[in-house]
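> Mind having a look at this structure? Questions to follow.
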Amino acid sequence: MTMSVQNSLEKSGPRPPVLSECRSESSDDNMHELAKADRPSTNRLLPNVCLYNDEIFRFGTCLGLPSLAEKQKRHKQENTENCYSCYVKAVLQEVAAFNYLVCEVTLQFAWFLGLISLGLTVGERRCFPGEPCFPSKEAFADFQNELEGSMLFPNDTDYDSMILMHNVWRMKEPFAVVVAASTSDVQKAVVFARTYNLHFHVKTSGHDYNGRSTASKSLEINLSKMNKSTVMLNSSRAEAGEIMVESGNRWVDVYEEVDKYDRVIVGGSAHTVSMGGYTLGGGHSPMCRMLGMAVDNLLEVEMVSANGSIVRATANYTSITNSDGSIQNTTDTDIFWALSGGGGGTFGIATRFYFRLHHSPTKVVRMSLIYPILLGDGTNVGLYVLGKFAEILPNLPRQWGGYVIIAWNYDTTYHTTGYLYFFMNHFGPADTESFNYIKQLADFIPSLRYVEYKTYDTFWEYEETVNDPLYINGYVFNSLLHNGSFTDGLAHFIVSTVLNKTDPNIGAGFTGTLTGGKMMEVSADATSVHPGFRRSLMSLSGGIVWDKSYDYNIPENIKYGASLSEELQQYGDGMYPNEAGADVKNWQQAFWGANYDRLLEIKQKWDPEYYFICRECVGSEYYDKTNENTTEKPTGKSPTTVSTTKSSSAFSTKGSSSKTSTMTSSSASTTSSSTTYVMTMNELSSTSNTKSTGPRISQTRTSQVAMSATETTVTTTFKVNDISAASYTEALKIQYVISVISLLVLLKSNSY
């Protein structure tokens, strides 16, 4: 029976190479000849899957899979033996007796079963440097000649400064940077990237603490040189006028520009922040209690969409200019709503913003108020002061805005530890009832505080004095605090975290941005920011920072920061995504709450192929399947979560303990991590020849740090080509077993 089958099969085609031929240590040429054999391709079922096992690469050569054969050549040094390959060899010995067609079909089916069992979704992967699909030098040259701006590669002089991130350790190395000079440049870059299926990301100031605006082996579209602006005082959309600003503008420059016209604009306080990510994330401000958030003052956005169209979006209409010059106008304004707080890097590339202007106040008064936290005798003044501040905060006049900073220091003169710094600004002169309200805090314990009031003629004069560090090495986290958040538990958590100075190289602190006032007059669904913003009194951001020489301990730093983030989250309702931690459980709900489902639907409508992807951005769970709540392609519904908020008595101004509780990184709980799409793609991408000199942290080290610093639980739903190396190792073992079982079953059935 077996012989007759064999004879009949031999008539249908040539005999395939047997296992000994596949495993022969013959020349590479022989391998290529096998790979080039005229056989039906299995790629229709296995689209360019990257497998990290030498046996499988050789197996691919045996079956005539050119893509796998090429991988085998690149990995020919990785002849790793394991228990699974033993079974595969045994099966291959039997398979070799069959005609190649039977062998191929059988194995296709077996591998297909393996893929199904893992819940893998077959799909096209991005193209990376070193792969045949990558653009040629001539293609890059032609593209570069079309740009008004410029293009930088790793060996160019300005490359290092262009890719620098505000949070330095998050820095990655793209294979090239398009320094766009216009919206047309951005449009061309998107079309070029899509033509070659390149992974790309968008960066302006690089102020994103979590590195969402950078990626290794990616094409960076950099907007930092797009800094035109135009003030229009005669506007039908805003009584005091409006301003058009390109995304590359820094807020410090815009403040100075509008001051020439005796106007103010709602923007960020840090001088290194630019328009894009700040506005798209919502944008709080030292003036947001008086004038609302940045998105509350947003009139229009110009955006380049995933298909290369130029979109002008407002609250009343959307105009789309297609690449062929045709124009579509619609009253569907979902995209404007999504851009008003739904986060950057995911719906398109915002190139221009139009903001409402406001008349300048007659005066701006700055209050600098400092209280110590811990006295030399152990008295915890900080808890008393925080209690008083929580008492007056709900009724704080909206003219007051600014920041509360809680940080560590030791005063050798007064022997005090830590401080509370109220850096607040009053929108108007000092001889008003609203100004005098703050004296309840300023004069709370006069003998222990330092206070200074300074009056400025314009907001720009006030803002010009603000200083922020150009670069940091740190981990940032956030929570939106409402009236019920200010409990004794929160006060003790803040103070103990700051005072827990066990290592001179690392420190923790908090900055609270005052919210409320005008912001509360906007309905929760009017913009796409987390609804918690509309009832919050403070956006409290915490962080740990370390000296650059302490980078070797980044995994422990991240673990400690993540534990603090999880603790702080319990006291608030939502997070500000621009300042939230990178390891947040159920980040969809934490960043956008009830607005997430609608945001996801809009993402799918405007970018159905998910070309715009960044970590923990809307829709990124489609690529980032380590999130335990996501098991299939998004359907417009986000994972369900239960919001937990600690509730107890408000900060007490009496009876507070004079001893602080301590929190150490060893006792803190660690949050689960969501491994990012960017890191996943970096791990799988081929390497290109980029220089690695200078202070930059290498991608290898950064990726290892990010992977080892978090304890990620890998689930079994991935897009085939976006699987991290670590995840794939485990997946491959399961795939081996299932394939072997499937083969044995099929072989057994063929023998009867």
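> Which one is modelled with the lowest pLDDT among residues in the stretch 309-328 that are surrounded by fewer than 18 Cβ atoms within 10 Å (Cβ to Cβ) and in contact with a helix residue (DSSP H, G or I) (Cβ under 8 Å, 6 or more places away or on another chain)?
SER323
> Can you tell me which condition LYS585 does not meet? The list is (1) outside any helix (DSSP H, G or I); (2) touching a helix residue (DSSP H, G or I) at 6+ places or on another chain (Cβ under 8 Å); (3) crowded, with 23+ Cβ neighbours inside 10 Å, and all the others hold.
(3)
> Please tell me if PHE200 is over 30 Å from GLY561 (Cβ atoms), at pLDDT below 95 and open to solvent by less than 10 Å² (accessible area, probe 1.4 Å).
Judged against the criteria, PHE200 is not a match.
For (1) within 21 Å of MET293 (Cβ to Cβ); (2) within 22 Å of the chain's Cα centre (by Cα); (3) surrounded by fewer than 24 Cβ atoms within 10 Å (Cβ to Cβ), each residue gets a yes or a no:
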| site | (1), (2), (3) |
| --- | --- |
| TYR471 | no, yes, yes |
| GLY489 | no, no, yes |
| ILE506 | no, no, yes |
| SER523 | yes, no, yes |
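> Identify, please: which residue in the stretch 221-252 is charged (D, E, K, R) and at pLDDT 95 or above and is, among those, nearest to TYR462 (Cα to Cα)?
GLU242
> Also, quick follow-up: So GLY516 fits all but one of (1) over 24 Å from VAL618 (Cα atoms); (2) open to solvent by 10 Å² or more (accessible area, probe 1.4 Å); (3) in contact with a helix residue (DSSP H, G or I) (Cβ under 7 Å, 6 or more places away or on another chain); (4) not hydrophobic (A, V, I, L, M, F, W, C); what number is the exception?
Every listed condition holds for GLY516 apart from (2).
> Oh, and also: So how many residues does the stretch 432-469 have that are assigned to a loop (DSSP other than H, G, I, E, B) and either without any contact (Cβ under 8 Å) to a residue 24 or more places away in the chain or open to solvent by 30 Å² or more (accessible area, probe 1.4 Å) (or both)?
Of the residues in that region, 11 qualify.
> Would you mind finding the one in THR279, THR272 that is part of a loop (DSSP other than H, G, I, E, B), in contact with a Leu (Cβ under 8 Å, 6 or more places away or on another chain), of a type in the set (S, T, N, Q) and at negative phi?
Just one listed residue meets the conditions, THR272.
> State whether the residues of the stretch 172-195 include one that is of a type outside the set (A, V, I, L, M, F, W, C), part of a strand (DSSP E or B) and open to solvent by less than 10 Å² (accessible area, probe 1.4 Å).
No, the conditions are met nowhere in the stretch 172-195.
> Something else now. All but one of (1) assigned to a loop (DSSP other than H, G, I, E, B); (2) in contact with a Ser or Thr (Cβ under 6 Å, 6 or more places away or on another chain); (3) over 21 Å from THR279 (Cα atoms) hold for PRO504; which doesn't?
Evaluating PRO504 over (1) assigned to a loop (DSSP other than H, G, I, E, B); (2) in contact with a Ser or Thr (Cβ under 6 Å, 6 or more places away or on another chain); (3) over 21 Å from THR279 (Cα atoms) leaves (2) as the failure.
> Still on this model: Could we say that SER319 is more than 22 Å from MET520 (Cβ to Cβ) and without any contact (Cβ under 8 Å) to a residue 12 or more places away in the chain here?
When the stated conditions are applied, SER319 passes them.
> Which one of the conditions (1) assigned to a strand (DSSP E or B); (2) crowded, with 23+ Cβ neighbours inside 10 Å does GLY345 fail to meet, given that it meets all the rest?
GLY345 satisfies all of (1) assigned to a strand (DSSP E or B); (2) crowded, with 23+ Cβ neighbours inside 10 Å except (1).
> Would you point out the residue of the stretch 127-146, among those that are out of contact with any strand residue (DSSP E or B) (no Cβ under 7 Å at 6 or more places or on another chain) and outside any helix (DSSP H, G or I), that is surrounded by the fewest Cβ atoms within 10 Å (Cβ to Cβ)?
PRO132
> Conditions: (1) open to solvent by 10 Å² or more (accessible area, probe 1.4 Å); (2) farther than 22 Å from ASP259 by Cα. PRO429 meets all but one. Number of the miss?
(2)
This table checks each residue for (1) within 25 Å of GLY292 (Cβ to Cβ); (2) in contact (Cβ under 8 Å) with a residue 40 or more places away in the chain; (3) not charged (D, E, K, R).
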{"site": "VAL364", "(1), (2), (3)": "yes, yes, yes"}
{"site": "LEU369", "(1), (2), (3)": "no, yes, yes"}
{"site": "PRO394", "(1), (2), (3)": "yes, yes, yes"}
{"site": "THR413", "(1), (2), (3)": "no, no, yes"}
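The values are calculated or read from the model by the stated rules, or taken from the named source; none is laboratory data. None of these values were measured; they are calculated from a predicted model. Glycine also receives a Cβ, built like all others from the backbone with ideal geometry; neighbour counts cover every protein chain displayed. Surface areas here come from the heavy atoms of the whole protein model, side chains and all, with no ligands, DNA or RNA. Shrake-Rupley method; radii C 1.70, N 1.55, O 1.52, S 1.80 Å.
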